[in-house]
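The values are calculated or read from the model by the stated rules, or taken from the named source; none is laboratory data. Quick caveat, the model's predicted, so the values are computed rather than measured. With ideal geometry, Cβ positions are generated from the backbone for all residues, glycine too; neighbour counts draw on all protein chains shown. Each accessible area value is taken on the protein alone, full model and side chains, heavy atoms only, with ligands, DNA and RNA left out. Shrake-Rupley method; radii C 1.70, N 1.55, O 1.52, S 1.80 Å.
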Amino acid sequence: FWQHFNDEMRERFNEVAYNAWFKNTKPISFDKNSHELKIAVQNPVAKGYWEKNLSSELIQSAYGYAGMEIIPTFQIEGESGPERIVTPEPRHEPRRPLAQPRQDEFAKDLKLNDKYTFDNFVQGEGNKLAAGAALAVADSPGSFYNPLFIFGGVGLGKTHLMQAIGHQMLAERPNAKVVYIQSETFVNDFINSIKNKTQDQFREKYRTCDLLLVDDIQFFAKKEGIQEEFFHTFETLYNDQKQIVMTSDRLPTEIPDLSERLVSRFTWGLQVEITPPDLETRIAILRKKAEAEGLTIDDNTLDYIASQVDTNIRELEGALVKVQAHATIEKEDINVTLAREALADLKLVQKNRGLQISKIQEVVANYYQTSTEELKGKKRVRQIVVPRQIAMYLSRELTDASLPKIGQEFGGKDHTTVMHACDKIQQQIKTDSEIKSAIYDLKQMLDH
Ligand code: ADP
Ligand code: MG
């Protein structure tokens, strides 16, 4: 009957979901006396999903199809990956009706990227737990893992997965209100609503959706007023059993000055990490992208490209684009030799990968005989402003840190300040020979 049940489910679920819940899930023993059917599942997310959503169907199927009375129990089997997962007991509560749709107003906010779907998401080592959790949430929003908190490094698919939940929900319930925002948008909207006295509209927008997706929530760090507002948004949605999904580059407990009560709320649901993909997964991702672009690339070449970029999937995509562009310009087919040429300068970036912003600050502070505290401080005298801007510029050039991240490392400055500094130095390099040679020297020093 297991096979029968599997076949039934294969028809019901799409391939991605089927693989998430059924691949490597198998009965291991049956006790005739107690009727206990022990079932091995791959990970805690799958266990939760089976317990909540599939076990009653399994019981019915066993009875209906084979006349067997079973009591399924689940145990997690097999190696667990490097990802961290924190899972409390799933909450069992009925789903509330949909909020009244106000499509005109929300259509303009909904900027889901068409490509960020489950179908386009390659599962593998590093992301399979997160993908499973996202699927579970898309499947039963508001009642299962709420909130879902996905965390991990840059370019590993957090935004992609989060938006996939939005797509899935809209596919199933086209009238659902899905709000996707960068956390900065929440901040800006809030500030504007105060300025324009439109707080009611602000609250209406955020507190009446069915699915709220807040991307990169670490930017709420140290912003008390915003945290307060978001707390109320969270409470309202949560109490209405609306689904909340957040991403961050770190765990809630690691976000500086995040209020206790937000930390505690964020941990009510499920926190799941995405870690960098292994080679096999990187190859699978490249293959999928190549197919989507209609490119034919042999396995050796895919293997070569995937071996050149080992942490960040956005960079991996960038590498593929580079190779493709190179092939077009040279009017040659894509092969290992061509890929090697195209990616020659990638080595340079990789050499700098380990470079820390703190190291840049140290070297720049030394060079200008000031201190890293001054660079991170607020003094606006020229002797400090120039080195500070140079250090920001170098951080931007030599590391893959984002503007907000750099701002954070410079004593919590706004990303626009960093952007301004980078533009300024970029201009000055062209006109000011002193700056130009300073940059040259500093780069040499950093390039040990
Ligand atoms: P993050 O939000 O973690 O910084 P993104 O979600 O923006 O990362 O992903 C970066 C890029 O890599 C996107 O273009 C995304 O589509 C792609 N990507 C990430 N993970 C996968 C995956 N598992 N399968 C396919 N593409 C992926
Ligand atoms: Mg992102």
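Pairing residues of segment 367-384 that are on the phi > 0 side of the Ramachandran plot with residues that are buried (at least 17 other Cβ atoms within 10 Å of the Cβ), at Cβ distances under 8 Å and at least 6 apart in sequence or on separate chains, gives no pairs at all. Looking at segment 101-203, the helices (runs of 4 or more DSSP H) lying wholly inside it that each contain 2 or more residues that are away from ligand 1 (no atom under 16 Å from the Cβ) and either without any contact (Cβ under 8 Å) to a residue 12 or more places away in the chain or open to solvent by 50 Å² or more (accessible area, probe 1.4 Å) (or both) sit at 103-107, 158-172, 183-195. The residue of segment 217-240 that is farthest from Arg250 (Cα to Cα), among those that are touching a residue at least 60 places away in the same chain (Cβ under 8 Å) and not hydrophobic (A, V, I, L, M, F, W, C), is Asp240.
Is it true that Lys322 is at pLDDT 90 or above, more than 16 Å from ligand 2 (Cβ to nearest atom) and open to solvent by 70 Å² or more (accessible area, probe 1.4 Å)? Let's see the steps before the verdict.
Values: at pLDDT 90 or above: yes; more than 16 Å from ligand 2 (Cβ to nearest atom): yes; open to solvent by 70 Å² or more (accessible area, probe 1.4 Å): yes.
So Lys322 fits the description; yes.
Taken over segment 204-220, the criterion of being open to solvent by 10 Å² or more (accessible area, probe 1.4 Å) and more than 16 Å from ligand 2 (Cβ to nearest atom) is satisfied by Glu204, Lys205, Arg207, Thr208.
May I ask you to verify whether Lys430 is surrounded by fewer than 19 Cβ atoms within 10 Å (Cβ to Cβ) and in contact (Cβ under 8 Å) with a residue 12 or more places away in the chain? Before the answer, list the steps.
Values: surrounded by fewer than 19 Cβ atoms within 10 Å (Cβ to Cβ): yes; in contact (Cβ under 8 Å) with a residue 12 or more places away in the chain: no.
When the stated conditions are applied, Lys430 does not pass them.
Number of residues in segment 1-20 that are open to solvent by less than 60 Å² (accessible area, probe 1.4 Å) and without any contact (Cβ under 8 Å) to a residue 60 or more places away in the chain equals 5. Listed by first and then second residue, the pairs with beta-carbon distance under 6 Å, at least 6 apart or on different chains, first residue in segment 273-301 and polar (S, T, N, Q), second within 11 Å of ligand 1 (Cβ to nearest atom), are Thr275/Gly126; Thr281/Gly124; Thr281/Glu125.
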